[in-house]
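S.K.: Please see the structure below; I have some questions.
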Amino acid sequence: MPTSHQATPRRPRGPLRTAFLVAVAVAVLGTAGLGWIYLKLNGNIDTFDAGGVSRNRPPEGSSKGENVLVIGSDARTGGNSALGGGDSNDVGRSDTAFLMHIYADHRHAVAVSIPRDTLVTIPPCKLPDGSWTSPRTGAMFNDAYSVGNTEKGNPACTQNTVESLTGLRVDHTVVVDFKGFAALTDVVGGVPVCLPQDIYQKDLNPNRATRGALLFEKGEQTVSGQKALDYVRIRHGIGDGSDIGRIKRQQAFVAGLIKRVKSEGFTPAKLLPLADAATKSMTVDPELGTANRLITFAMSLQNVDLHNTKFVTIPWRYQGSRVAIVEPDAAELWAALKADRTIDGKDAGRRKDSGGGKGRTTASASAAPSPGTGAFGKGVAVAVYNGTTTGGLASRAASQLAAHGFTVIGTANASTQDHTTTVVEYGTGQKDQAEKIAELFPGARLEPLGGTGINVVLGRTYATQDASASPAPAAIPTSVAREARSADDDPCSNLTYGSGG
């Protein structure tokens with residue numbers, strides 16, 4: 001039976017944990033329309049090798065909206081070391097990432113943060129010598145960016161991991177570094193933040209022997225440059241010192257950053273340095289590799305409202321010192337995003353105009369209705385394994401099971417990816433329950449297990465089934481929605497996690 005392996009503990013690091021610059025770049029470039037800046041911006045934009053993107057991806061059009069993966073890089077290259085990036089071994093690292101789903105109506109967006117310590121399966125990824133790795137189960141999410149041990153990191157591997165985890169196709173990937181982030185906060189004149197207590201140097205660097213100097217006084221204030229970097233890096237001095245708490249404060253920071261850009265407005269004299277700082281900090285996928293493409297995409301997002309820009313965190317729980325994904329909540333979240341359901345359950349899958357982006361049709365069908373069979377699988381727990389090389393199948397099947405009332409206790413890749421037919425494995429006395437599950441997977445066969453438990457091992461027959469057959473839930477799960485932050489929220493609200501803040 002497929003098994004997972006516990007991740008090897010690693011020394012904690014304290015580099016930049018934020019990747020929010022892309023949101024600002026989008027907002028700023030969306031106001032551009034100035035042809036004279038294109039040439040300069042083109043020279044700033046770096047792209048990563050798309051040859052490392054998996055060939056087994058969720059299909060195009062599997063999500064009504066668009067999905068942008070934003071990765072925060074703390075590499076020491078390009079002057080980032082002086083601002084606190086990286087560590088002595090010069091391996092590109094990322095401890096912050098979020099997947100931003102832009103709804104098809106281009107008036108709503110939601111950013112889903114993925115904690116760095118989340119235990120996931122990292123699918124095959126390309127190494128610098130051209131070879132590909134084997135899948136790794138039970139790995140920390142941020143390990144994906146370091147696959148290959150290069151200075152610039154491996155954004156394609158992180159993209160592969162997110163697609164495998166969510167079943168959502170990533171339309172664009174953007175990597176943001178230290179230096180550009182600091183320059184951007186200077187250009188906008190700072191970002192309002194709020195500290196629940198005084199913060200000292202030791203709070204930022206717990207290896208210090210003494211408390212050190214005061215970095216931030218308690219209360220609301222405006223920060224930029226190095227001070228902004230220090231703010232988003234703080235972990236140990238607030239709440240319980242967890243990365244979850246830091247994510248909450250980073251979400252508040254990007255909300256303030258977007259709000260600042262939208263409210264200020266920029267003259268041409270201010271626009272060029274802002275766009276210059278944004279593009280200098282980015283490494284993007286080849287499809288966004290020119291100023292023209294980047295601006296066209298950005299201009300399609302001008303009407304996304306501040307209140308309708310939400311920040312959430314993937315459903316999680318602690319598993320020792322790591323973070324485990326909570327099912328079926330996570331599967332329901334991905335299914336809701338595929339169907340363009342907003343935090344409050346609305347269908348945002350109808351687009352007002354084409355306006356750039358991927359040029360999808362101007363209207364899309366309403367989300368598939370809930371099957372209304374929640375009691376069908378009530379009380380039945382099942383684990384789902386992807387027995388194929390097609391990414392995202394386990395998430396898709398988990399969504400389908402959850403919509404019918406089954407409790408999905410986990411998803412992962414199977415020990416082998418050569419299964420042709422889907423298999424439902426069942427323990428002693430659970431055949432009747434397994435037969436119910438098999439009804440959702442045409443052609444599936446039943447196999448008894450020793451002990452107890454039910455497992456679904458997906459085969460290629462499921463990979464070829466119409467993804468639209470999987471019913472979507474009515475809304476993002478309550479466990480996710482109740483923790484959501486809007487971009488127009490008070491910067492002092494909901495900042496800490498755990499005790500002490």
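The values are calculated or read from the model by the stated rules, or taken from the named source; none is laboratory data. These numbers were taken from a predicted model, which means no experiment stands behind them. Positions of Cβ are backbone-derived with ideal geometry, glycine not excepted, and every protein chain shown enters the neighbour counts. Each accessible area value is taken on the protein alone, full model and side chains, heavy atoms only, with ligands, DNA and RNA left out. Shrake-Rupley method; radii C 1.70, N 1.55, O 1.52, S 1.80 Å.
S.K.: Restricting to the stretch 408-424, what's the tally of residues that are under 17 Å from GLY377 (Cα atoms) and open to solvent by 30 Å² or more (accessible area, probe 1.4 Å)?
M.R.: 1
S.K.: Restricting attention to the stretch 445-480, and to residues there that are under 24 Å from the mean Cα position of the chain (by Cα) and not in a loop (DSSP other than H, G, I, E, B), which single residue is modelled with the highest pLDDT?
M.R.: Within the stretch 445-480, the match that is modelled with the highest pLDDT is VAL480.
S.K.: Residue check: is ARG317 under 30 Å from GLY405 (Cβ atoms) and open to solvent by 40 Å² or more (accessible area, probe 1.4 Å)?
M.R.: yes
S.K.: Still on this structure, I have one more. Which residue out of GLY349, GLY379, GLY359, GLY374 is at pLDDT below 90, open to solvent by less than 50 Å² (accessible area, probe 1.4 Å), in a loop (DSSP other than H, G, I, E, B) and farther than 15 Å from ILE476 by Cα?
M.R.: That would be GLY374, the only listed residue that is at pLDDT below 90, open to solvent by less than 50 Å² (accessible area, probe 1.4 Å), in a loop (DSSP other than H, G, I, E, B) and farther than 15 Å from ILE476 by Cα.
S.K.: Of the residues that make up the stretch 178-196, is at least one among the polar types (S, T, N, Q), buried (at least 21 other Cβ atoms within 10 Å of the Cβ), at pLDDT below 90 and over 30 Å from ALA394 (Cβ atoms)?
M.R.: The answer is yes, given that some residue of the stretch 178-196 is among the polar types (S, T, N, Q), buried (at least 21 other Cβ atoms within 10 Å of the Cβ), at pLDDT below 90 and over 30 Å from ALA394 (Cβ atoms).
S.K.: Also: I'm trying to understand the selection: among the residues of the stretch 484-499, which are at pLDDT below 90 and either open to solvent by 60 Å² or more (accessible area, probe 1.4 Å) or closer than 21 Å to PRO192 by Cα (or both)?
M.R.: Within the stretch 484-499, PRO491, CYS492, SER493, ASN494, LEU495, THR496, TYR497, SER499 qualify.
S.K.: On to the next question. Go through the stretch 425-444 and give me each residue that's open to solvent by less than 40 Å² (accessible area, probe 1.4 Å) and of a type in the set (D, E, K, R).
M.R.: GLU425
S.K.: Tell me, which residue of the stretch 49-86 that is open to solvent by 30 Å² or more (accessible area, probe 1.4 Å) and of a type in the set (Asp, Glu) is modelled with the lowest pLDDT?
M.R.: Filtering the stretch 49-86 for residues that are open to solvent by 30 Å² or more (accessible area, probe 1.4 Å) and of a type in the set (Asp, Glu), the one modelled with the lowest pLDDT comes out as GLU60.
S.K.: Mind counting the residues in the stretch 398-443 that are of a type outside the set (Ser, Thr, Tyr) and touching a Leu at 6+ places or on another chain (Cβ under 9 Å)?
M.R.: 19
S.K.: For the subset of the stretch 281-307 comprising residues that are polar (S, T, N, Q) and crowded, with 22+ Cβ neighbours inside 10 Å, which member is modelled with the highest pLDDT?
M.R.: It comes out as SER281.
S.K.: Residues in the stretch 329-342: is at least one open to solvent by 20 Å² or more (accessible area, probe 1.4 Å), at pLDDT 80 or above and touching a strand residue (DSSP E or B) at 6+ places or on another chain (Cβ under 6 Å)?
M.R.: No, there is no match, as no residue in the stretch 329-342 is open to solvent by 20 Å² or more (accessible area, probe 1.4 Å), at pLDDT 80 or above and touching a strand residue (DSSP E or B) at 6+ places or on another chain (Cβ under 6 Å).
S.K.: Pairs please, first residue from the stretch 102-115 and touching a residue at least 60 places away in the same chain (Cβ under 8 Å) and at positive phi, second anywhere and assigned to a loop (DSSP other than H, G, I, E, B) and charged (D, E, K, R), Cβ atoms under 9 Å, 6+ apart in sequence or on different chains.
M.R.: Note: pairs meeting the criteria are HIS106/ARG351; HIS106/LYS352; HIS106/ASP353.
S.K.: Go through the stretch 122-142 residue by residue and tally those that are open to solvent by 20 Å² or more (accessible area, probe 1.4 Å) and either under 19 Å from the mean Cα position of the chain (by Cα) or not small (Gly, Ala, Ser) (or both).
M.R.: The qualifying residues number 10.
S.K.: Which residues, taken from the stretch 198-217, are touching a strand residue (DSSP E or B) at 6+ places or on another chain (Cβ under 9 Å) and in contact (Cβ under 8 Å) with a residue 40 or more places away in the chain?
M.R.: LEU204 - this is the single residue of the stretch 198-217 that is touching a strand residue (DSSP E or B) at 6+ places or on another chain (Cβ under 9 Å) and in contact (Cβ under 8 Å) with a residue 40 or more places away in the chain.
S.K.: Between a residue in the stretch 218-247 that is farther than 26 Å from GLN319 by Cβ and open to solvent by 10 Å² or more (accessible area, probe 1.4 Å) and any residue that is of a type in the set (D, E, K, R) and at pLDDT 90 or above, which pairs come within a Cβ distance under 7 Å, given they are 6 or more apart or on different chains?
M.R.: Filtered contacts from the stretch 218-247: LYS218/ASP198.
S.K.: Do the conditions hold for TYR103, that is, is it out of contact with any helix residue (DSSP H, G or I) (no Cβ under 8 Å at 6 or more places or on another chain), among the aromatic types (Phe, Trp, Tyr) and open to solvent by 10 Å² or more (accessible area, probe 1.4 Å)?
M.R.: Judged against the criteria, TYR103 is not a match.
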